[in-house]
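Here is the structure we will look at.
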Amino acid sequence: MYRYTLQQTKSEDPARQRRRHLVKNVIIIVLLAVIIAGAFYTLPAVNYRNEAAVTYRQRITSECASALSLANTLSRTAGASSWSTLAAIRSRIYAMETLNELHSGMGDGMIIQTSWFTTLYGILDDYTNKLTTGTNTSDQVSNLQNNLQILNDQLNAL
């Protein structure tokens, strides 16, 4: 039979143990300092991002309400101010689209789907064509008002 012998483990030098613990403690302290510093530097960025997202939503809602208000002043019989009102509505829609893209660029996604802008620009183009030919614009005004009202209601629900 074989005898099992216990091997004695060499005990580590106490000075070496202290150095090892000191190095571990220093590494832990440095890592904690980096984590705390990172938190202090990222917290303002997160706050800014949240404030910017809220500001974009508020501004888009304001632009939509303004476009709706202008659409409600449009004449159904192509009045004299229709061209300038139509241009003002188009600029409000463009502002909404630009703000929407900026919001999306922050990584928060779209507030308004791009299909809305395609629809609104299509209505405005159709309205412009009707103004040019001098035909009745009643359907386009109603369509524009309805779409802007639906969009405004959705934005206010956010």
(request) Arrange K130, K24 by Cβ neighbour counts within 10 Å, fewest through most, would you? (result) K24, K130
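Roughly how compact is region 56-156, stated as its Cα Rg over 2.2 N^0.38 Å to two decimals? Spell out each step's value before the answer.
On the way: Rg = 13.6 Å, N = 101, 2.2 N^0.38 = 12.7 Å.
Ratio of Cα Rg to 2.2 N^0.38 Å: 1.07.
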(request) Please build a GNM for the chain, connecting alpha carbons under 10 Å apart, and tell me which residue among R90, R59, R18 fluctuates the most. (result) R18
(message) Give me a comma-separated list of calculated 3J(HN,Hα) values for region 25-31, in order, Karplus coefficients 6.51, -1.76, 1.60 applied at θ = phi - 60°, integers in Hz, x for any Gly or Pro.
(response) 5, 5, 4, 5, 5, 5, 5
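Quick note: the coordinates plus some simple rules give every number you see, no bench work behind them. In this text, all values refer to a predicted model and were calculated from it rather than measured experimentally. So basically every Cβ, Gly included, is an ideal-geometry build from the backbone, and we count neighbours across all protein chains shown.
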